[in-house]
1. Collect the residues in the range A:111-130 that are closer than 23 Å to A:Phe169 by Cα, part of a helix (DSSP H, G or I) and not aliphatic (A, V, I, L, M), keeping them in residue-number order.
2. If B:Ser213 meets every condition in (1) surrounded by 15 or more Cβ atoms within 10 Å (Cβ to Cβ); (2) within 11 Å of another protein chain (Cβ to nearest Cβ); (3) of a type in the set (Ser, Thr, Tyr) apart from one, which number is that one?
3. Have a look at B:Leu180, B:Leu184 and point out the one that is facing another protein chain (nearest Cβ under 7 Å) and surrounded by 22 or more Cβ atoms within 10 Å (Cβ to Cβ).
4. Checking A:Gly107 against (1) free of Cβ contacts under 8 Å to residues at least 40 places away in the same chain; (2) assigned to a helix (DSSP H, G or I); (3) away from chain B (no Cβ under 14 Å); (4) over 26 Å from A:Ala233 (Cα atoms), which test does it fail?
5. Among (1) in contact with a Lys or Arg (Cβ under 9 Å, 6 or more places away or on another chain); (2) modelled with pLDDT under 95, there is one condition C:Ala163 misses while meeting the rest; what is its number?
6. Which residue, of C:Leu76, C:Leu95, C:Leu114, C:Leu83, is under 22 Å from C:Ala179 (Cβ atoms), in contact with a Phe, Trp or Tyr (Cβ under 9 Å, 6 or more places away or on another chain) and facing chain B (nearest Cβ under 8 Å)?
7. Just for the range C:56-100: of the residues that are β-branched (Val, Ile, Thr) and surrounded by 18 or more Cβ atoms within 10 Å (Cβ to Cβ), which one is farthest from C:Ile8 (Cα to Cα)?
8. On the given criteria, is B:Ile215 more than 30 Å from B:Ala91 (Cα to Cα) and among the hydrophobic types (A, V, I, L, M, F, W, C)?
Amino acid sequence: MSGKIRAFPWKGLLGVWTTLVIVLALALPMVPQPRFWYEFPIVPGLEDKARIIFFHVPTAWLSVLAFVSSMVYGIRYLRTKDLRWDLRSASAAGLGLLFCVLATVTGAIWAKFSWGTFWNWDPRQTSIFVLLLIYGAYFALRSAVEVEEKRASLAAVYAVIAGVVMPFFMFVIPRVLESLHPEPLVNLEGSVGGLPAPKLQMNGTMLAVFLASLAAFTGVYYWMWTLRVRAAALELRRATEGENRD
Amino acid sequence: MSAPVHTGRPSWIRSALAVFLKDWNSELRTRYAVSALLMFVLTTIAIVLFALGTEGAPPHALAGMLWVVIFFSGMSGLARIFVTEEERGTAMTLQLTAPPSAVYTGKLLFNLVLVYAVNTVAVLLFFFFIQGFEVRTVSIFLVTLFLGSTGLAVMATLIAAIIAKANTKGTLFPVLSFPLLLPLLLAVIKATQLAAEGAFFAEAGGEFQILISYIGAVLTVSYLVFDYVWKD
Amino acid sequence: MKVEARGIRKVFNRRVIFRDVSFSLEEGKVLLVTGRNGSGKSTLVKIVSHVLSPTAGSVTFTDGGGPVKGAVARHLGLVSPYLQLYDEFTASEHLDMAMTLRGLRPDPAGADALLERVGLFPRRNDPVRTYSSGMKQRLKYAFALLHRPAVLLLDEPMSNLDAEGIGMVRGVMDEQRAAGILVVATNDLTDLERYDERVDLNGGKP
């Protein structure tokens, strides 16, 4: 991939950054009236359990980022028919599925803390669940096609169609679900176009740790993605080199 | 064997119509799709009937049930036009003769006709057999039925083309279709509920907007990506 | 009309079927494609027919310097064991579709004459499901010739045919050779006496 990135010890830095984020997220005290810079404001009803926000929101963000990434690489494959784009697309989708499962689970835990039930059918939970279905469908499709080139084409097309239908989720689900189902008892969270957005009050420190966590997770995602791509690229190169030798 | 003078320039519309007529005539002759589909609709409605028992269900729930029946009927019958071509090996015959967009258009037309026919029957059966299902604003209901059926056919045709090229076609079809049909299903269920309540036509305007833009978007994408699906 | 293939390569599930196939044909020319079973003859024919995409390389149909007007399908006829017909339709209906699917106006008179030529006229209103394999092969010829394509591709031209059928095919090949481009893929070298170019897919791996 890129020699420059390998030379710069970004993984070590990422490790330190992430550790710092986790420590701060879990250790900084939550008090009703934060006076010191290192204190978080308390969220009534949730207290310490609100810390899940540092982990839940990044996973949801990553599942969307991975999906868009998968779609973009899929389009590149359709244009060039170069399988290296397809392995980038599939690697992104695989990570997207992982983070989507994490997001659904952490979201359900948060729902349990906030409203007492794991599943609420509020717009956010439904959106992330639908994204999970799409990922599942994507991999079901991939596993059902044996010919590599066809698999890549069909998967890319499905990603594109899903991408086109996505905006409809963002607008339809909030609009329709709010009236189909009753409002949750305690609505602490808001919704920005179907994506989770915390409405709880954050002070400067909390916001900083939150954004740092977002950055850390994105870095970890990128690292995992490059690992997968490199492994798959090596395997592809080895297989095609075998035929070139003749 | 030089080029003939009397057959004229190839017409895309003639190709698309030829594809449609081929499927139409084939269906008239064998009647595979229609009979299976109608039996499926009948069976599903019977199941709903028995499940509801004597108590019935509130009109809101019945609106959802109607579209559940329509969705599964669609899943049972809309993939046929592509799957049979692959199974019989005649896909290559079409690839050899007709332009991809004409193939897609012809088959979409067929699925549209199929969906309109089957859904009309499903709705009539629903009114007939399911107690408590009533529609107060008929205009909303008819428009919803039309737009919903159209959207279902448009999306299902494209997904059908995709799964026809895969292995486990039968189970894959609903798995791929459901998440992408969800915006459509939510909108039509909401609109049907409005019709059941007796809302004014304008109140369903938002849902109609969603349905029309959904159909437009999926149709556009279909024409853009169909080549990649259809050609090997 | 010219058919040019440049550096065609086909990889299927990481196995190279063939690589670097090139040829250039114009009217009056005949291409012979030979190779063992499984060497990719039919695959190459499908690629030239634009029914299968090559992994690399290209096949272009040009007419007087520029690309052909209209779809390639208009100028191409294919007879192949892989070409399937519709069981529920009759021979006449197939010939109707041969034109309409390509976007052309049907030619009932021409169709009848062609059915006569391939020996199917008496059975023209019977569905293909009642045909023998030899009759299906004859119908494939009619299906490929009705629109008088400039390029005719025959994969295993004599398969399933009796002596009479073989004679019909030789007549077709002679006519096509005279005024168009003919591509024949076969294992049996007696199928074709004269040819101008040859692609042998046995070359390379043993």
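1. Applying the first criterion (closer than 23 Å to A:Phe169 by Cα) to the range A:111-130 yields A:111, A:118-130.
Restricting the remaining residues to those that are part of a helix (DSSP H, G or I) gives A:111, A:123-130.
Within the range A:111-130, A:Pro123, A:Arg124, A:Gln125, A:Thr126, A:Ser127, A:Phe129 meet the criteria.
2. (1)
3. Going through B:Leu180, B:Leu184 in turn, the sole match is B:Leu180.
4. (1)
5. With respect to (1) in contact with a Lys or Arg (Cβ under 9 Å, 6 or more places away or on another chain); (2) modelled with pLDDT under 95, C:Ala163 is out only on (1).
6. Of C:Leu76, C:Leu95, C:Leu114, C:Leu83, the one residue that is under 22 Å from C:Ala179 (Cβ atoms), in contact with a Phe, Trp or Tyr (Cβ under 9 Å, 6 or more places away or on another chain) and facing chain B (nearest Cβ under 8 Å) is C:Leu76.
7. Just the residues of the range C:56-100 that are β-branched (Val, Ile, Thr), to begin with: C:59-60, C:62, C:68, C:72, C:79, C:90, C:100.
When the remaining residues are screened for being surrounded by 18 or more Cβ atoms within 10 Å (Cβ to Cβ), the result is C:59, C:68, C:72, C:79, C:90, C:100.
Values: C:Val59: 8, C:Val68: 20, C:Val72: 18, C:Val79: 21, C:Thr90: 37, C:Thr100: 31 Å.
Within the range C:56-100, the match that is farthest from C:Ile8 (Cα to Cα) is C:Thr90.
8. No.
The values are calculated or read from the model by the stated rules, or taken from the named source; none is laboratory data. Small disclaimer: the values here were computed from a predicted structure and weren't measured. Cβ sites come from the backbone with ideal geometry, for glycine too, and all protein chains shown count toward neighbours.
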